[in-house]
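Readers should treat all values here as calculations from the given coordinates under stated rules, not as data from a laboratory. Note that the coordinates shown come from a computational prediction; the quantities given were computed from them, not determined experimentally. Note that each Cβ is placed from the backbone with ideal geometry, even for glycine, and that neighbours are counted across all protein chains shown.
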Amino acid sequence: MSRAAAPPVDLELVRKHNRPGPRYTSYPTALQFRDDADAQRLVAAASAERGGLSLYFHLPFCESLCWFCGCNKVITTDNSRAEVYLDALMREMDLFPRDVVAGRQVVQLHFGGGTPNFLAPAQILRLGAEIKKRFTFAGDAECSVELDPRFLTRDHVRAFREIGMTRASFGIQDVNPDVQRAVHRVQSDECNEQAFAWLRGEGFESVNVDLIYGLPGQTPESYGRTLARVLAYGPDRFAVFSYAHVPWMVPAQKILEKAQLPDPGDKLAMLKLVIETLTAADYVFIGMDHFARPGDELVRALESRTLQRNFQGYSTRGGTEIRGFGVSSISQTERTYRQNRKSLEQYYDDLAAGRLPVDRGLELSDEDVLRRHIIMRLMCDFRLDFAAVEEIFPVRFAGKFSDSLSALREFAADGLIELTGDSITVTEAGRLFIRNIAMCFDAYAQPGEGRHSKTI
Ligand code: SF4
């Protein structure tokens, strides 16, 4: 794979293949999690594992609602609610059987939200100290935090740095004030510049910026100006998402229908612009929506075929158990997924009763594990060798997946993959359609499934 090549964007092919589909941060996807899952059984499965730990803490509070947002969040300006929540996080950590943790090192820590900097600096220090009391960290653990520059102070940045965070990520979405007003997230240029200056000044090694295309009021011309402005800040990574309009799941998004959403043609023109602009600026297209500078460990993992995918997107740390804490967080072991309660009230009730706050989950079958392997290798390596699958799993690939291979012929005919008798190679053009290509191996996917957003 040539490193900085931009996948060519053929708008006709995008129109043809742009169908709803999962983002495959897990397989099976969260839609398959069962309400009647046995929490104790799911947690017990973790005790058989001895690999590294990846800890995720969901910090759900935000001071103001962005109308496009699909995250699990709680809008409030009352900081005392964070104090109550931190107490609950401590209880949740303490409920976990100690033998599951003994002898295992944390290789990744991530604070997501919501807005982790809703916590006051003293609360950040307290949370960091309580985590370190309970877990042993590897010397090179990767520690990252999501931030909202609108409510960030230098003291927040210092507190996150003090507890070991070295990577930050924040949303800008669009720098155009009209677009910002239309989505109820006004964030000035000065505010973004200040956030970069504080993060760099306090020694953060990597800063990721999230952008969204497809928001009300955006045009290809205005979006070109946004890209130019954000490039000037010099982020290390970009995540550029297609706005997922799913008002049946996120009712606040209905507000955006009153404004002028870009038509599909303009949206595709913006996608083309994003890829061409960022790759011309020497960012490497990782896959899906991610771009990183050459030399970034995501790029090295892409090149060495060690890239992984999990609930936080692309990752470089494989073979870890993901342990989620906090409302709605998702945990993953080798053969299980489990998700915590999604409402604060239920989350608190379970913890008060001494129960793990598990809402639903799934034990993977052998078939799920096989298909997950195939889907994740395609999503991360953009290539699949059938013999390599046969080495790990007791299957004859061509016979077992004859239906999938038939479905892939259309992608091959359109030049999006090269399909031979022993491998699938996704072409540069095909990387844009990786979700659709992976769906050919998804036993649960329904054609045109309406509960997912469109893939582009
Ligand atoms: S700050 Fe982030 S999590 Fe909170 S509403 Fe806005 S986009 Fe969603």
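Miscellaneous remarks
- Peptides 323-329, 188-194, 296-302, ordered by how many other C-beta atoms sit within 10 Å of their residues on average, highest first, read 323-329, 296-302, 188-194.
- Once C-alpha pairs closer than 8 Å and six or more residues apart are averaged by separation and normalised to the residue number of the chain, the relative contact order reads 23 percent.
- Calculated mean residue ellipticity at 222 nm for the chain: -10500 deg cm²/dmol, from DSSP H runs with n ≥ 4 weighted as -39500 (n - 2.57), summed, divided by the residue count and rounded to 500.
- As a calculated quantity, the FRET efficiency between ARG134 and ARG355 at R0 = 22 Å, using C-beta atoms, amounts to about 0.70.
- Peptides 309-319, 245-255 ordered by average Cβ neighbours within 10 Å, highest first: 309-319, 245-255
- Modelled this way, with points 7 Å down the Cα-to-C-beta line, the labels at GLN40 and SER402 are 4.6 nm from one another.
- Extension reserve of the ASP178-LYS258 stretch, reckoned as 0.36 nm per residue once the Cα distance is removed: 27.4 nm
- Two-site FRET efficiency, ALA228 against GLU390, from Cβ-Cβ distance with R₀ of 56 Å, rounded to 0.05: 0.70
- Using 0.36 nm per residue and subtracting the Cα-Cα separation, the extra length available between ALA197 and ARG98 on full extension is 31.6 nm.
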